[in-house]
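Trainee: First, the structure itself, so that you have it in front of you.
The values are calculated or read from the model by the stated rules, or taken from the named source; none is laboratory data. Please read these numbers as outputs of a predicted model, since none were measured by experiment. Cβ sites come from the backbone with ideal geometry, for glycine too, and all protein chains shown count toward neighbours.
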Amino acid sequence: MSERERTFVMVKPDGVKRGLIGEIVSRFEERGLKLVAGKFIEIPRDLAEEHYGEHEDKPFFEGLVDFITSGPVFAMVWEGGDATRQVRHMVGETDPAESPAGTIRGDLGLDLGRNVIHASDHEDPGSNEREIELFFDEAELIDYERPDEALLYE
Ligand code: CDP
Ligand code: MG
């Protein structure tokens, strides 16, 4: 059985303003992942720069930080088997135009710079823990049982 883990997900300002929080949360709930934390915030610029620090030398960095701080985001932590990799499969490719139908970006977006959602990168081990710590205090992560866990996992 795959390892249970926690992963960081965020509906970006375009997704929030387009009214897509519910649609996106539903997809993870229905898949069987468990919501363990969530908050609706405007990201301070220094936090945005730290969160996207790996991209600080890229030409799109300033625009990305401008955009992610341009309105509210809905930050979440989801838990489940192989969660980081499974969530990225559900999110699709970075560019919505390259994302298959059925994925969040492939169904809900059109443009690279307006791709609706952030999720921790399964190809960057530890990014999930790092991002969770950046956005949430330990006390904000809530432990509870989903009664259907016995049906979701063998
Ligand atoms: O979000 P993801 O991990 O799929 O992609 P990334 O390569 O880590 O890039 C972070 C974000 O920067 C993307 O989600 C895009 O919003 C933005 N980006 C961009 O605006 N232009 C690019 N050429 C690449 C990324
Ligand atoms: Mg990334």
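Trainee: Among the numbered criteria (1) modelled with pLDDT under 95; (2) within 15 Å of N115 (Cβ to Cβ); (3) not basic (K, R), which one does M1 miss?
Mentor: Failed condition: (2).
Yes/no per residue for (1) more than 15 Å from the chain's Cα centre (by Cα); (2) small (G, A, S):
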| position | (1), (2) |
| --- | --- |
| E62 | yes, no |
| F67 | yes, no |
| H89 | no, no |
| A101 | yes, yes |
| N115 | no, no |
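Trainee: Is it the case that V65 is within 16 Å of ligand 2 (Cβ to nearest atom) and in contact (Cβ under 8 Å) with a residue 60 or more places away in the chain? Can you show your working first?
Mentor: Values: within 16 Å of ligand 2 (Cβ to nearest atom): yes; in contact (Cβ under 8 Å) with a residue 60 or more places away in the chain: no.
No, not satisfied.
Trainee: Shifting gears a bit: Could you tell me whether the range 43-59 includes any residue that is more than 18 Å from S120 (Cα to Cα), under 14 Å from the mean Cα position of the chain (by Cα) and without any contact (Cβ under 8 Å) to a residue 60 or more places away in the chain?
Mentor: no
Trainee: Just checking, does the range 127-149 include any residue being touching a Ser or Thr at 6+ places or on another chain (Cβ under 9 Å), among the acidic types (D, E) and surrounded by fewer than 17 Cβ atoms within 10 Å (Cβ to Cβ)? Before you say what the answer is, go through the steps one by one.
Mentor: In the first step, residues of the range 127-149 are kept if they are touching a Ser or Thr at 6+ places or on another chain (Cβ under 9 Å); the result is 127-132.
Add one more test, that the residue is among the acidic types (D, E), and what stays is 129, 131.
Remaining after also requiring surrounded by fewer than 17 Cβ atoms within 10 Å (Cβ to Cβ): 129.
Yes, the range 127-149 contains a residue that is touching a Ser or Thr at 6+ places or on another chain (Cβ under 9 Å), among the acidic types (D, E) and surrounded by fewer than 17 Cβ atoms within 10 Å (Cβ to Cβ).
Trainee: Only residues that are part of a helix (DSSP H, G or I), more than 10 Å from ligand 2 (Cβ to nearest atom) and either free of Cβ contacts under 8 Å to residues at least 24 places away in the same chain or out of contact with any Asp or Glu (no Cβ under 8 Å at 6 or more places or on another chain) (or both): list them for the range 117-133, please. Spell out how you get there, then give the answer.
Mentor: Step one: of the range 117-133, the residues part of a helix (DSSP H, G or I) are 127-133.
Next cut, more than 10 Å from ligand 2 (Cβ to nearest atom) only: 128-130, 132-133.
Passing the criteria: E129, R130, I132, E133.
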